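Worksheet for the structure shown next.
Any read-out appearing in this document is the output of simple, stated calculations on the displayed coordinates, not a laboratory observation. As the structure is a prediction and not an experimental result, all values here were calculated from the model. Cβ sites come from the backbone with ideal geometry, for glycine too, and all protein chains shown count toward neighbours.
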Amino acid sequence: MSAAGIDDPHGAYVLRLADSNLVLAQRLGEWIGHAPALEEDLGLANTALDLLGQARLLLTHAGDLEGRGRDEDALAFLREERDYRNVALVEQPNGDFGDTIVRQFLYDAWQVELYGRLGASRDRQLAAIADKALKESNYHLRFSAGWVVRLGDGTPESHERVQGSLDRLWPWTVELCEPDDIDHAMLAAGVGVDLAAVRAGWDRRVDRTLSEATLVRPADHPWRWFGKRGQHGEHLGRLLAEMQSLHRAHPGAQW
Amino acid sequence: MDTAALAERFQARIDADERIEPKDWMPDAYRRTLIRQMSQHAHSEIVGMLPEGNWITRAPTLKRKAILMAKVQDEGGHGAYLYGATETLGVTRDALIEELLAGAARYSSIFNYPTPTWADIGAIGWLVDGAAIMNQIPLCRCSYGPYARAMVRICKEESFHQRQGYDIMLALARGTDAQRRMAQEALDRWWWPALMMFGPPDADSKHSAQSMRWRIKRFSNDELRRRFIEFTVPQAEYLGLAVPQGEIDWSEFEQVLAGHGPCNRERIAARRRAHESGRWVREAALAWADKQRSKRREAV
Ligand SMILES: [Fe+2]
Ligand SMILES: [Fe+2]
């Protein structure tokens with residue numbers, strides 16, 4: 001079985017959404033048992049589980065669209081890093097709790113805007129997944145935005161730390177709302193969403209929370225980096241090596 | 001009423017199988033015994049997240065990953081629930097956690113063993129959650145109301161965990177030679193520690209008799225251990241795995257209990273690291289809550 005990516009734009013579009021959720025779920029999974037307090041442990045695990053659930057539905061759908069018999073596990077465990085299409089934001093390392101929360105907040109705000117619009121997709125399967133996922137993402141956003149506010153407007157130390165997280169992670173947000181050929185094609189086909197509209201909604205949500213958190217929105221960066229086109233940094237390779245190690249060590253085994 | 005009369009009435013209520021509630025009078029020793037047992041139980045749930053968490057990022061399929069994440073999250077929930085139940089006895093969760101981090105509190109020794117392979121995740125679910133259920137089902141009728149109610153809820157989830165663990169073992173046992181070997185080795189590793197989970201032999205169990213009188217405990221360690229073996233051996237046979245033969249090495253039990261197990265230091269170090277590196281986060285949350293309170297006061 002080939003371990004390549006998916007070329008057809010529709011399948012590729014769904015795969016991008018799947019991969020972002022999967023990679024972020026994998027990152028959050030690293031926290032379980034190690035969070036600052038029990039409630040945060042449970043909260044991060046809850047988000048991780050939802051994202052993993054969404055990833056599984058989306059991977060299965062992408063595999064069906066491809067029509068070559070690849071299931072969720074073939075797509076998750078047997079693709080190389082260069083064929084992963086997650087946005088680069090989610091592959092960034094967990095860092096401290098503030099880094100994780102800021103990454104999560106920026107992503108949750110995007111997902112809420114995205115899923116809210118994908119519910120109208122002509123791809124009915126994708127629309128159904130988005131409808132279900134939207135409820136979960138709203139919940140994730142309450143958790144992450146709540147923490148951004150508490151850390152931003154907490155102690156001087158927490159303020160400084162979380163502003164640093166925001167500054168470091170901000171450059172990775174550019175691709176979230178910057179359309180490329182696949183986004184344009186899927187918008188034209190009535191499958192995808194208008195990223196300009198997502199951008200406007202994301203801006204509003206981010207600005208509102210940052211101001212409540214007394215945090216300064218970083219300047220937009222001229223730098224363009226597209227994880228969704230397979231441009232990844234140094235971290236994704238290790239994340240996948242760990243995630244795929246057992247599955248690949250026993251080719252064809254059933255678990 | 002004098003203490004002797006109160007104690008007599010208390011024991012009469014226990015003998016009549018009534019539940020004792022937080023506001024009821026209870027002997028100090030009863031309260032202390034419950035605090036010790038319930039907090040140990042809560043700590044075990046939390047420390048128990050570590051050996052299984054070790055495989056979340058490497059689970060061999062996405063379905064297994066989701067099940068394992070949910071399981072470890074359940075254990076965290078059990079911990080939260082049990083700390084809450086222990087707080088009804090007049091201690092705080094923070095104080096209990098400080099004791100754990102200081103190395104002054106116990107938790108189930110089983111979690112001081114490592115999980116080197118995926119099969120260990122199956123073995124833990126099958127054997128460790130299985131042994132936990134044997135221990136805990138009688139606790140659903142424990143004389144202390146909040147503990148009994150916590151256990152009803154927890155036991156339901158533990159039995160899911162047990163079935164999920166067995167299902168992992170079944171897939172391995174029906175799998176490749178390498179998978180079968182992995183399963184057998186995990187059974188070999190976990191069998192004796194699982195049997196030790198029921199505690200020392202009855203003759204050496206120092207808390208048992210009083211706990212039985214208080215109906216915190218209803219069956220002896222050896223009785224529960226015997227039931228567990230009876231229940232589990234046919235399951236191993238169905239898997240086509242060999243149950244280790246021989247005797248429990250109680251000196252190993254003593255050693256692990258005394259802090260010399262393979263992972264005692266790592267487990268506490270991991271909990272301490274999480275606690276220490278989360279300090280600024282907890283402080284921020286408190287500072288923020290204070291600010292909100294004073295803002296509300298100003299608004300009034
Ligand atoms: Fe549990
Ligand atoms: Fe369990």
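Seen against the Cα atoms of chain A and their longest principal axis, helix A:235-249 is set at about 40 degrees. Pairwise alpha-carbon distances in chain A exceed 33 Å for 15% of all pairs.
A Förster distance of 51 Å, applied to the separation of the beta-carbon atoms of B:ARG32 and A:ALA185, puts the FRET efficiency at 0.15. Round to the nearest 0.05 the FRET efficiency obtained for B:ARG106 and B:LYS156 when R0 = 25 Å and r is the Cβ-Cβ distance. According to the calculation, E is roughly 0.45. Going from the residue with the fewest nearby Cβ atoms within 10 Å to the one with the most, A:CYS177, B:CYS142, B:CYS155 rank B:CYS155, A:CYS177, B:CYS142. Contact order for chain B, expressed relative to its length and based on alpha carbon pairs under 8 Å spaced 6+ residues apart, stands at 20 percent.
Here is the result for the range B:134-204: no chymotrypsin sites (Phe, Trp or Tyr not before Pro) lie in DSSP coil with at most 16 other C-beta atoms within 10 angstrom of their C-beta. Legend: ranking of residues B:SER220, A:SER245 from fewest to most surrounding C-beta atoms inside 10 Å; resulting order A:SER245, B:SER220. Ranked for footprinting exposure by Cβ neighbours inside 10 Å, fewest first, A:ASP220, B:ASP120 give A:ASP220, B:ASP120.
Extension gain, B:GLU223 to B:ASP15, is 72.7 nm, computed as 0.36 nm per intervening residue step minus the present C-alpha separation. Charge dipole (Cα centre; +1 on Lys/Arg Cβ, -1 on Asp/Glu Cβ; no other charges) of the range A:9-249 amounts to roughly 460 debye. For the range A:58-63, 3J(HN,Hα) computed residue by residue from phi via the Karplus equation (6.51, -1.76, 1.60; θ = phi - 60°) reads 5, 5, 4, 5, 4, x Hz, glycine and proline entered as x.
Helix A:156-169 and the longest principal axis of the C-alpha atoms of chain A enclose an angle of approximately 30°.
If you take the Cα atoms of the range B:93-191, find Rg, then find the Kirkwood Rh from the mean of 1/r over all pairs, what is Rg/Rh?
1.08
Run the numbers for A:GLU178 and A:ARG229: contour at 0.36 nm per residue of separation, minus the present Cα-Cα distance, in nm.
Answer, rounded to one decimal: 17.2 nm.
For B:ILE20, the residues whose amide H sits under 5 Å from its own are B:TYR144, B:GLY145, ignoring neighbours fewer than 5 places away on the same chain, with H placed 1.01 Å from N. Go ahead and run the numbers for FRET between B:LYS23 and B:LEU257, Cβ-Cβ distance against an R0 of 45 Å, rounding to 0.05. Between B:LYS23 and B:LEU257 the formula returns 0.80.
For the peptide B:68-79, the mean number of other protein chain Cβ atoms found within 10 angstrom of a residue's Cβ is 4. Placing pseudo-labels 7 Å out from each Cα toward the beta carbon at B:ARG273 and B:MET1 gives an inter-label distance of 5.2 nm. Loop exposure criterion: trypsin sites (Lys or Arg not before Pro), DSSP state outside H, G, I, E and B, at most 14 other Cβ atoms within 10 Å. Applied to chain A, the longest stretch between such sites is A:123-223. Using C-alpha pairs under 8 Å with a sequence gap of at least 6, the mean separation divided by the residue count of the range A:152-238 gives a relative contact order of 38 percent.
Considering only A:ALA127, A:VAL198, A:GLY33, and ranking their Cα positions along the charge dipole of the range A:9-249 that arises from unit charges at the beta-carbon of Lys, Arg, Asp and Glu, the one farthest toward the positive end is A:ALA127. Magnitude of the charge dipole for the range A:195-239, about its Cα centre and with charges confined to Cβ atoms of Lys, Arg (+1) and Asp, Glu (-1), is about 200 debye. Projecting the Cα positions of A:ASN21, A:VAL149, A:HIS10 onto the charge dipole of the protein assembly as shown (unit charges on Cβ atoms of Lys, Arg, Asp and Glu, taken about the Cα centre) puts A:VAL149 furthest along the positive direction. Three principal axis extents of the range A:1-71 based on alpha-carbon atoms, in descending order, are 44, 18, 16 Å. Once both labels are positioned 7 Å from their Cα atoms along Cα-to-Cβ, the gap between B:ARG297 and B:ASP204 label points is 5.7 nm. In plain terms, chain B is cut at each of the trypsin sites (Lys or Arg not before Pro) found in a DSSP loop with at most 12 other Cβ atoms within 10 Å, and the longest leftover piece is B:24-205. When +1 charges are put on Lys and Arg Cβ atoms and -1 charges on Asp and Glu Cβ atoms, the dipole computed for the protein assembly as shown relative to its Cα centre reaches about 880 debye.
Loop exposure criterion: GluC sites (Glu not before Pro), DSSP state outside H, G, I, E and B, at most 15 other Cβ atoms within 10 Å. Applied to chain A, the longest stretch between such sites is A:81-233.
Rounded to the nearest whole Hz, the Karplus-based 3J(HN,Hα) values (6.51 cos²θ - 1.76 cosθ + 1.60, θ = phi - 60°) of the range B:121-128 follow the sequence 5, x, 5, 5, x, 5, 8, 6, with x at glycine and proline.
Can you work out the base-10 log of I(q)/I(0) for the range B:256-300 at q = 0.20, 0.25, 0.34 1/Å, using the Debye formula on its C-alpha atoms alone? The computed values of log10 I(q)/I(0) come out as -0.71, -0.83, -1.04.
For the range A:9-249, the relative contact order is 26 percent, taking Cα pairs closer than 8 Å that sit 6 or more residues apart in sequence and dividing their mean separation by the residue count. For the range B:187-271, the Kirkwood estimate of hydrodynamic radius, built from reciprocal distances between every pair of different alpha carbons, is 14.8 Å.
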